[in-house]
Amino acid sequence: MPPPKVGIIVLCFNGVHDTLDCIRSIGRLTYTDASLYLVDNGSTDGTLETLRALNQARTVLIENGENLGYAGGNNIGIRRALDDGCDLILLLNNDVLLEPGCIEPLLSAALAVPRAGMFGPTVRNYHEPTQVESAGSDLDIRTGQIWDLGIDDTAIAPREVGYLPGCALMVTKEFCRKAGLLDPDYFLYFEDTDWAVRAERAGFKVLWVPGPGVRHKGSRSTGGPRSALYAYYYARNHLLLMRKHAPLRARLLFYVRFWRNHIRPSLRSWSREGGPYAERRANALRAGVRDYFLGRVGKRFPSTAR
């Protein structure tokens, strides 16, 4: 039986130096039956020109020409990899570096665990390699809560979890065909959470896999949790996730908790902080909530919040 063919998709939106670091780490992988798909989401910093000049074997460059978001950009890469006969797809943010042996444990889990469809390695902080950002999380769609499960340094077997971060995420072709691809309504943030919920409902297992993992630089293209961009999409898409998957009573209770535990404290904190950046984050947060109730999805970040 031939080894599974892996399609590695690196989604790029600016950050040319991060992208090159990621590509170099892929070149050091010990698993060799893999093809690389570089998906450029309309970069404006010279990334595209640099990628065109790479001329690497088993590498496909996909030029989207515009920013289609995490879901839209990755979906184009996934479809191409499946058309090329890939058995498994590894999605990577361009600010991730892979440890050389990280592919093999994921493949072993895919082959050994019945109905396994989604896998993730341990994600460590790039600047503090001993700091674990994710070793799988759990998710309660009735409350909208996601919490870290912690890491067991002695673990040798995969662990079933509720959620894995999209910065380094492997899926099978069967999962893609039965559960569907990423939902572009989110554009940015929570599309990986939505995918995990859909995985469980389609009968697939979501697994954290111990062993060599990845190092994550973190939010290099979006500005991170203190940006207005994050505030907008976090608010709108968390609400959108609940509308898609939670029953009505749970949604109504979530709205109250979301206002009390997230929106009101954030607005108060930014009001005390003062200044234009705090004002932009507050405006973006309000806009995200407003757009959710108006049914506005996809790429909708308001120019007034920039």
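In the range 22-61, how many residues are within 19 Å of residue 167 (Cα to Cα), in a strand (DSSP E or B) and in contact with a Lys or Arg (Cβ under 9 Å, 6 or more places away or on another chain)?
5
Taking the stated definitions as given, is residue 16 among the aliphatic types (A, V, I, L, M), in the same structural domain as residue 104 (by TED's automatic domain parsing) and buried (at least 21 other Cβ atoms within 10 Å of the Cβ)?
So residue 16 does not fit the description; no.
Exactly one condition in (1) surrounded by fewer than 22 Cβ atoms within 10 Å (Cβ to Cβ); (2) at pLDDT 95 or above; (3) among the aliphatic types (A, V, I, L, M) is not met by residue 57; state its number.
Only one criterion in (1) surrounded by fewer than 22 Cβ atoms within 10 Å (Cβ to Cβ); (2) at pLDDT 95 or above; (3) among the aliphatic types (A, V, I, L, M) is unmet by residue 57, namely (2).
Are there strands (runs of 3 or more DSSP E) fully within the range 65-140 with at least 1 residues that are among the charged types (D, E, K, R) and modelled with pLDDT under 95? List them.
Result: 123-125, 132-134, 137-140.
With under 18 Å from the mean Cα position of the chain (by Cα), more than 27 Å from residue 208 (Cβ to Cβ) and in the same structural domain as residue 209 (by TED's automatic domain parsing) as the only criterion, which of 41, 75, 55 stands out?
Of 41, 75, 55, the one residue that is under 18 Å from the mean Cα position of the chain (by Cα), more than 27 Å from residue 208 (Cβ to Cβ) and in the same structural domain as residue 209 (by TED's automatic domain parsing) is 41.
I'd like the full set of residues that are of a type in the set (Lys, Arg) and without any contact (Cβ under 8 Å) to a residue 40 or more places away in the chain, limited to the range 244-273.
Correct list: 249, 251, 260, 264, 268, 272.
Based on this model, can you work out whether residue 211 counts as in contact with a Pro (Cβ under 6 Å, 6 or more places away or on another chain), surrounded by fewer than 20 Cβ atoms within 10 Å (Cβ to Cβ) and on the phi > 0 side of the Ramachandran plot?
It is true that residue 211 is in contact with a Pro (Cβ under 6 Å, 6 or more places away or on another chain), surrounded by fewer than 20 Cβ atoms within 10 Å (Cβ to Cβ) and on the phi > 0 side of the Ramachandran plot.
Output the number of the condition that residue 130 fails; it satisfies all remaining conditions of (1) surrounded by fewer than 23 Cβ atoms within 10 Å (Cβ to Cβ); (2) touching a residue at least 12 places away in the same chain (Cβ under 8 Å).
Of (1) surrounded by fewer than 23 Cβ atoms within 10 Å (Cβ to Cβ); (2) touching a residue at least 12 places away in the same chain (Cβ under 8 Å), only one is false for residue 130: (2).
The values are calculated or read from the model by the stated rules, or taken from the named source; none is laboratory data. Bear in mind that the values here come from a model prediction, so they are computed numbers and not experimental data. All Cβ positions, glycine included, derive from the backbone under ideal geometry; neighbour counts span all protein chains shown.
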